[in-house]
Amino acid sequence: MSLTKRQYLMVGGLVLLAVALGVAAATLPKHSEAVTVPEATAIHVALDQELASDQSRPGDHFEATVSEPVVIDGKTVIPQGAYAEGLVVDARQSGRLKGRARLQLELESVSVDGQNYGIRTTSFRKAGGDHKKRNWEWIGGGAGGGALIGALAGGGKGALIGGPVGAGAGTTVAFLTGKKDIHLRPETPLTFKLAEPVTIPVKG
């Protein structure tokens, strides 16, 4: 059956209309649904940079990458690989003979689909090792070694002299080697928990 010119025009118009509707549907923004991530939800990240108790300062910002997706009711709200930014809340370097190192961190924001969302989390806290036992071992060991050398060299009197000298040497070694700072390398895994809910739109 042959089509008239008018019918050709009508068919062509319908085809063009269908194409235009398809293009419009493809370019329309997808529907977004707001999903609330509840308090105490864990956010797992990996550091993008090194942090250290003897280098970082309170108020410094750090960058991290979300290492596990946050899924609520089957919907991925915060995808794996999302950018996150955090804050150094407290940082104290180790003393040589006393004073533990401290490092306290919190997350401040995550980026989803190019949009930053402020968040509040509980703190990640880490403390350095205790000096006391180690220092006593160095000082006591130095005193014992000094007393032994003094006794071999000069009998009882030498032991009396060698003991304090050895203790002094042990104290010096403890002082020179006693710093126990905290160093978190890039890609170190950290876990924070939301201190309050956060609502993030999820594209349908």
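Annotations
- Grouping the Cα pair distances of segment 44-112 into 10 Å bins from zero gives a pair-distance distribution of 21, 40, 24, 12, 3, 0 percent in increasing distance order.
- Sequence-distant residues sharing a close amide H with Val112 (under 5 Å, placed H): Tyr117
- With both labels modelled 7 Å from their Cα along Cα-to-Cβ, the Asp73 to Gln55 distance reads 4.4 nm.
- Cα-projected label distance for His44 with Thr65, points at 7 Å along beta-carbon direction, nm: 1.5 nm
- Count Lys and Arg as plus one, Asp and Glu as minus one, and take only other residues whose Cβ is under 10 Å from that of Glu39; the net charge is then +1.
- Two-site FRET efficiency, Thr188 against Ser111, from Cβ-Cβ distance with R₀ of 22 Å, rounded to 0.05: 0.65
Each value in this text was obtained by applying a stated rule to the coordinates, not by laboratory testing. Predicted model only: the values in this text are computed from it and were never measured. For neighbour counting, all protein chains shown are included, and Cβ atoms are generated from backbone atoms with ideal geometry for every residue, glycine included.
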